[in-house]
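I have placed the structure first, in the form of structure tokens, so that the comments after it can refer back to it.
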Amino acid sequence: MKIVPLTSRKGLCVHESVSKANDVTQKCEDLTEKGQCPHNDQQMVSMLASNITSSIQDIEEIGTLAHQMQVCGYFGCREASQDADIVVTPYQSILSASAREALGISLLNKILVFDEAHNIMETMSSINTVQLTYSNLMHAYN
């Protein structure tokens with residue numbers, strides 16, 4: 001059985017300067033969009049993904065391996081999740097369609113494990129709540 005944990009870019013970044021930045025996600029996206037991250041080599045990412053699915057590992061073990069290999073653990077986990085039988089991730093990543101899309105998570109034929117599910121209703125409400133100001137309403141009305 002292939003079990004893969006997913007976490008944020010910040011949690012698995014091995015880039016020396018990006019991992020220390022306040023806006024890891026944005027800096028990572030900027031580098032990867034330009035093809036400038038030396039740790040996002042597809043061959044190495046695939047090797048890490050293969051290793052991730054070869055045995056059950058927690059996110060800290062994957063982070064350690066990513067650092068040893070000097071490869072992006074975030075993209076390694078994302079690739080590995082495509083072949084996973086079980087994906088373990090914060091439920092916010094599953095409940096939000098945009099987060100699922102950004103992470104490349106498909107719910108088709110997957111088993112999802114929700115930890116701390118006692119907060120799930122509050123999270124669902126928060127994800128699906130919109131605040132409108134008077135000026136928003138007036139703009140829409142006109």
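Can you give me the number of residues within segment 91-127 that are under 27 Å from SER46 (Cα atoms), surrounded by 14 or more Cβ atoms within 10 Å (Cβ to Cβ) and hydroxyl-bearing (Ser, Thr, Tyr)?
Here the count works out to 3.
Any idea which of (1) in contact with a strand residue (DSSP E or B) (Cβ under 7 Å, 6 or more places away or on another chain); (2) of a type outside the set (Gly, Ala, Ser); (3) at positive phi is the one ASP58 doesn't satisfy?
With respect to (1) in contact with a strand residue (DSSP E or B) (Cβ under 7 Å, 6 or more places away or on another chain); (2) of a type outside the set (Gly, Ala, Ser); (3) at positive phi, ASP58 is out only on (3).
Could you count how many residues in segment 57-104 are in contact (Cβ under 8 Å) with a residue 40 or more places away in the chain, of a type in the set (D, E, K, R) and under 24 Å from THR123 (Cβ atoms)?
The total comes to 2.
Suppose we keep only residues that are hydroxyl-bearing (Ser, Thr, Tyr) and farther than 22 Å from LEU31 by Cβ within segment 65-92. Which one would you say is nearest to the chain's Cα centre (by Cα)?
THR89
From the residues in segment 98-122 that are acidic (Asp, Glu) and in a loop (DSSP other than H, G, I, E, B), which one is nearest to VAL87 (Cα to Cα)?
So, considering only residues that are acidic (Asp, Glu) and in a loop (DSSP other than H, G, I, E, B), the one nearest to VAL87 (Cα to Cα) is ASP115.
Enumerate the helices (runs of 4 or more DSSP H) found wholly within segment 1-79, keeping only those where 2 or more residues are under 19 Å from TYR91 (Cα atoms).
It comes to 9-12, 59-69.
Every residue, every condition in (1) touching a strand residue (DSSP E or B) at 6+ places or on another chain (Cβ under 8 Å); (2) under 18 Å from VAL4 (Cα atoms), yes or no:
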site	(1), (2)
ALA66	no, yes
SER81	yes, yes
SER106	no, yes
ILE120	no, no
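Kindly indicate which of VAL4, VAL88 is within 25 Å of PHE114 (Cβ to Cβ), in contact with a Pro (Cβ under 6 Å, 6 or more places away or on another chain) and crowded, with 17+ Cβ neighbours inside 10 Å.
Step by step, each of VAL4, VAL88 is checked, and only VAL88 is within 25 Å of PHE114 (Cβ to Cβ), in contact with a Pro (Cβ under 6 Å, 6 or more places away or on another chain) and crowded, with 17+ Cβ neighbours inside 10 Å.
Since every read-out is calculated from the coordinates, none of them should be taken as a lab result. These figures come from a predicted structure and were not determined experimentally. No Cβ is skipped: glycine too gets one built from the backbone with ideal geometry, and neighbour counts run over all protein chains shown.
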